[in-house]
Amino acid sequence: MGTRLLQYRFGGYSSCVELGSEALLERFRGERAVVVWDENTSSLLEPLHELPSVILPPGERTKSLDTVTQLLERFLEEGLERDATVIAVGGGVVCDAAALAASLYMRGVRLVLIPTTLLAMVDAALGGKTGVNFSAYKNLVGTFYPAEQIIVVPETLETLPQREYLSGLAEVIKSAMLGDPELFRILTKKVDEVLAREREVVEDLILRSVAVKGHIVEQDFTERGGREWLNLGHTFAHALESVTGFEGWTHGEAVAWGIVQALRCGEAAGITDPDYAATASELFRQYGFRCEIDTIAVDALIDAMQRDKKNRGGRVRYVLQRRPGETELRELSSELVRGVLSRNLS
Ligand SMILES: NC(=O)c1ccc[n+]([C@@H]2O[C@H](COP(=O)([O-])OP(=O)(O)OC[C@H]3O[C@@H](n4cnc5c(N)ncnc54)[C@H](O)[C@@H]3O)[C@@H](O)[C@H]2O)c1
């Protein structure tokens, strides 16, 4: 067995996160299981190749109800019953879609997630949000259904393109800002080691980020107060993604840019400590993230933020920080946000 590392209780569910790939197949031998992969992950984790599998096309378009239907059909063909296991091996796309299908099939079968991107290891796989995109909206359709087991196999990152690795790193920096000053220190001091993906450092980043998210979600599984903090920078990021048509920016790059805007807006509103805003923005710069953009229609960004699904009663609420670990949800006037965004075009 791999080392059991972290155990969480989300709502009535319990999720165990472990690091390592020992005896991977043995755990599922004798069980009815289907493995869901995408074309870029299907050559990983060879021991699982003998189980029945579904290989999906890579990319965000795969997060659709059509994919969920395809998976449910396959589960049925394989004769899966209530005690069966769905194992997802992939990034956030595969994990989110397979988890939704697993939550729906016979009102829920056992779910094991094996995240293979840094982003999925530190964020998407933990916390029980499943989902697919619907109409023009990201993650509009989904359920809360935590995986029973999340198995993190750091070796799978070896084939991950650097840009995808960096995308996950933006969420690692976010975790540090939300709840782990020591992680922030490691990220600041070990830039070269982090960029070179030194094994020990990467494992530390993963475990620390998982712990930050796990702790926040345990306090507020269904997002009634507290879990929104995980959306630090995301209101800006989603707006940027929607205005640019999801082109030219990975999700993590958009999040990095978004967090820097949240720091600037927080500072302009007299909430964020200016020294902290400068230090945190500098950290994103050190990892090569774009903190400025050249031409962007600021009005279009403001419009997109007004349509964000997190808004209540038409008012835009932003996740802001006073200082490390002190996070709050605040409304800001669109004039203030427009002013900050307009001043920071390169
Ligand atoms: N459920 C949640 O709480 C949650 C949280 C954050 C993000 N998400 C979702 O996660 C998705 C983004 O996840 P992502 O960044 O992992 O994207 P992704 O799943 O699209 O993976 C990125 C790319 O890397 C490839 N890939 C994956 N693992 C690889 C590996 N080991 N080697 C080589 N290539 C590999 C994939 O095929 C894909 O082309 C979004 O849809 C987002 O909404 C969900």
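The values are calculated or read from the model by the stated rules, or taken from the named source; none is laboratory data. Bear in mind that the values here come from a model prediction, so they are computed numbers and not experimental data. Here the Cβ positions follow ideal geometry from the backbone for every residue, glycine too, while neighbour counts run over all protein chains shown. All accessible areas refer to the heavy atoms of the entire protein, side chains included, with ligands and DNA or RNA removed. Shrake-Rupley method; radii C 1.70, N 1.55, O 1.52, S 1.80 Å.
Residues Thr116, Thr222 ordered from highest to lowest accessible area at a 1.4 Å probe: Thr222, Thr116. Expressed as a whole percent, the accessible area of the stretch 163-346 that falls on carbon and sulfur atoms is 46 (1.4 Å probe).
Of all beta bridges that DSSP places with both ends in the chain, some 45 percent have antiparallel geometry.
In the stretch 163-346, the ratio of gyration radius to Kirkwood radius, Rg to Rh, stands at 0.95 when only Cα atoms are counted. Compared with the dominant Cα axis of the chain, that is its longest principal axis, helix 274-286 is turned about 50°.
Computed with a 1.4 Å probe over protein heavy atoms only, the accessible surface of the chain comes to 43 Å² per residue.
Going by accessible area, probe 1.4 Å, with all protein chains left in place, what is the ranking of Thr244, Thr69, largest first?
Thr69, Thr244
For the set Arg29, Arg264, Arg224, Arg208, the ranking by accessible area, highest first and with no ligand, DNA or RNA atoms included, is Arg224, Arg29, Arg208, Arg264 under a 1.4 Å probe.
Computed log10 I(q)/I(0) for the stretch 22-75 at 0.14, 0.19 Å⁻¹: -0.41, -0.71, from the Debye equation with unit scatterers placed on every C-alpha and solvent omitted. Distance between the C-alpha centers of the stretch 224-300 and the stretch 25-93? Whole Å please. One Cα centre to the other: 34 Å. For the chain, the longest principal axis of the alpha carbon atoms and the long axis of helix 65-77 meet at an angle near 20°. Karplus-derived 3J(HN,Hα) values for the stretch 174-179, using 6.51 cos²θ - 1.76 cosθ + 1.60 with θ = phi - 60°, are 4, 4, 4, 5, 6, x Hz; glycine and proline are entered as x. Farthest towards the positive end of the charge dipole of the chain, among the residues Pro47, Gln286, Leu301, is the Cα of Leu301, using unit charges on the Cβ of Lys, Arg, Asp and Glu. What you get for the stretch 139-234, charging only the Cβ of Lys and Arg (+1) and of Asp and Glu (-1), is a dipole of about 280 debye around the Cα centre. Our helix-only sum for the chain, with -39,500 (n - 2.57) per DSSP H run of n ≥ 4 divided by its residues, gives a mean residue ellipticity at 222 nm of -13000 deg cm²/dmol. What the pair-distance distribution of the chain shows, using all Cα-Cα distances binned every 20 Å from zero, is 31, 58, 11, 0 percent. Once the Cβ-Cβ distance of Ala23 and Thr159 is raised to the sixth power relative to R0 = 30 Å, the FRET efficiency obtained is 0.85.
Dimensions of the stretch 150-244 from C-alpha coordinates, computed as largest minus smallest value along each principal axis and given longest first, are 37, 34, 27 Å. Holding the Cα-Cα limit at 26 Å, pick out from Lys63/Lys190; Lys138/Lys213; Lys189/Lys213; Lys63/Lys213 the pairs that are longer than that. Distance filter (> 26 Å) returns Lys63/Lys190. In the elastic network of the chain, a GNM with C-alpha springs shorter than 10 Å, the most mobile of Gly11, Gly252, Gly79 is Gly79. Of the solvent-accessible surface of the stretch 3-160, computed with a 1.4 Å probe and all protein chains present, 49% belongs to carbon and sulfur. Dipole size of the chain about its Cα centre, with +1 on Lys/Arg Cβ and -1 on Asp/Glu Cβ: approximately 1040 debye, rounded to the nearest 20. In a fully extended conformation the segment linking Lys138 and Arg61 would gain 26.7 nm over its present Cα-Cα distance, using 0.36 nm per residue. With distances taken between every two different alpha-carbon atoms, the stretch 251-294 has a Kirkwood hydrodynamic radius of 10.4 Å.
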